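Bear in mind that the values in this text are calculations on the coordinates, not laboratory data. Since this is a predicted model, take the numbers as computed values, not measurements. Cβ placement follows ideal geometry from the backbone for every residue including glycine, while neighbour counts extend to all protein chains displayed.
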Amino acid sequence: METLIYEFIGEHMIAKLLCLPSIIGVIFIMQFGLQRRFMNNQTMYLVTYTLNFVAWLVIAKIVFNDLQDVVVINPYVNDVSLILIIIFYFVMIDTQRYTIIPITISTLLFDAVLLVSSHFNVRIGLLIIGTIIFLGVSYYLSKNRHRIIDTFVEYEVATFVFSAAAWLIVLAVRRDIPHGFALAFVLKFMILMTIVHYGNVFVRELVTRFNNYEIEVNTDPLTNMKNRRLLDKVLNEVVPYFRVKQLPLTLGMFDIDSFKQFNDTYGHDMGDYVLTRVANLVNDTLQQRNADGQVFRYGGEEFVIVFRGVTADVAAEHLATVMEVIRDNSFEFGNHYLKVTISVGVASMCPTDANVDNVLKRADQSLYESKRQGKDRLTVNQPKKGRRD
């Protein structure tokens, strides 16, 4: 009973538990850095990715042992449940396709340490079975993590099998371990991972609600395009950056020709349909052309497109294609078939632009010029030469 209680509470258990988030966080931070460092060398990334995980498991075990003043069973077996939490969390969170590789290396390393510490006095059959089950469960978890996280029963079964398989490995080597310790090991792991599970669910719900709120407040409910509020925010962020970096930034502004006539003749439902269809045609065409253009509803039938790193001439080519696509489409609503066109103005940022409003104003002037020339036109406002004082 003392062993059971000790394994549940342990020595400095709170301090050890508080170490876990830091260790898991560092593993993923280091992994992100390695991914960027070896972006073009998959072999080197795989090696360093594996070494990073194994090294931090070893560091975690050293830290836990250092906090342990009394060795109850074996220095290699104490706090294995905490090491399992790191492994389990890694399997459930990591999105790399070769997650199982560092898990396999870590498991075989643990097997080797137990073999050496027991002077090879092991039940080899039990060791092999435990290792195979543990790696099999780890692989299954890595491939089905999303479904398992959302299914409580399957999650609990997975934690039980995962911890029980790990304990089979320990039992193959340490025959003298009390049954109470084994029971405490499995139960503690399951309880801790259940707490982690509900914590993850709670955090995911908060993040989902926040993301949904963010999408809702930044999206036009009719066309599903980004709205004026987000446009102002984006422009205030990107204009200073692109000016400092001396990168091209171009705005395209368009509206639907004779839109008021559609509303007056066919009703607002028809007008809403035309607005939505045009916005989606523009967005889809830009995506198909990889145009780096983000569509915003500016107000009424007017839209703004932000082209990052794109010159006015290139943006004009993309928008000319957009105009052709809209021109060639038939707009069917009820018994009505309409032909729709748009007028477009283009302006790119130049050194004389004092702020965002200057770029928008010149794009709007270009749009007005397209309207003045008879609609279904594209006008490019060429940036002025010279520097802003």
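Structure above, values below:
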read-out: Phi-based couplings in Hz for region 38-43 (Karplus 6.51, -1.76, 1.60; Gly and Pro marked x); value: 10, 4, 9, 9, 5, 5
read-out: Computed FRET value (nearest 0.05) for Glu154 with Lys233, which takes r as the C-beta separation and R₀ as 41 Å; value: 0.50
read-out: Top positive-direction residue, dipole computed over the chain with Cβ charges, set Val238, Ile100, Phe28; value: Val238
read-out: Along each principal axis, Cα extent of region 228-381, largest first, Å; value: 53, 29, 27
read-out: Förster radius 30 Å - calculated FRET efficiency between Glu216 and Gln373, Cβ distance, rounded to 0.05; value: 0.15
read-out: For region 104-121, 3J(HN,Hα) per residue [Karplus equation, 6.51 cos²θ - 1.76 cosθ + 1.60, θ = phi - 60°, Hz, x = Gly/Pro]; value: 4, 4, 5, 5, 5, 5, 5, 4, 5, 5, 5, 4, 5, 5, 9, 6, 6, 8
read-out: Gain in span if fully extended, Leu108 to Val201, counting 0.36 nm per residue against the direct Cα distance; value: 30.3 nm
read-out: Inter-centroid distance (Cα atoms) of region 266-280 relative to region 95-135, Å; value: 63 Å
read-out: Inter-probe distance in nm under a simple model that places probes 7 Å from Cα toward Cβ, at Arg308 and Ile59; value: 3.2 nm
read-out: Neighbour-count order for Ser370, Ser22, fewest beta carbons within 10 angstrom listed first; value: Ser22, Ser370
read-out: Nonlocal amide H pairs with Thr219, under 5 Å, H built at 1.01 Å; value: Asn227
read-out: Burial ranking of peptide ranges 259-271, 315-327 (average Cβ count within 10 Å, highest at the top); value: 315-327, 259-271
read-out: Approximate spin-label separation Gln365-Val26, in nm, with each point projected 7 Å along Cα-to-Cβ; value: 5.9 nm
read-out: Other-chain or far-sequence residues with amide H under 5 Å of Tyr298's (modelled H); value: Phe303, Val304
read-out: Protection-proxy order for peptides 218-231, 39-52, each taking the mean of Cβ atoms within 10 Å per residue, highest first; value: 218-231, 39-52
read-out: Two-site label geometry, Ile132 and His119: point separation in nm, points 7 Å out along Cα→Cβ; value: 3.0 nm
read-out: Pairs of lysines in the chain (C-alpha under 18 Å apart; 8 or more residues apart or interchain); value: 13
read-out: The chain, dipole about Cα centre (Lys/Arg Cβ +1, Asp/Glu Cβ -1), debye to the nearest 20; value: 940 debye
read-out: Cα-only Debye scattering, region 294-353: base-10 log of I(q)/I(0) at q = 0.17, 0.28 Å⁻¹; value: -0.71, -1.26
read-out: Relative contact order (percent, whole number), the chain, Cα cutoff 8 Å, 6+ residue spacing; value: 12 percent
read-out: Förster radius 45 Å - calculated FRET efficiency between Gln382 and His268, Cβ distance, rounded to 0.05; value: 0.75
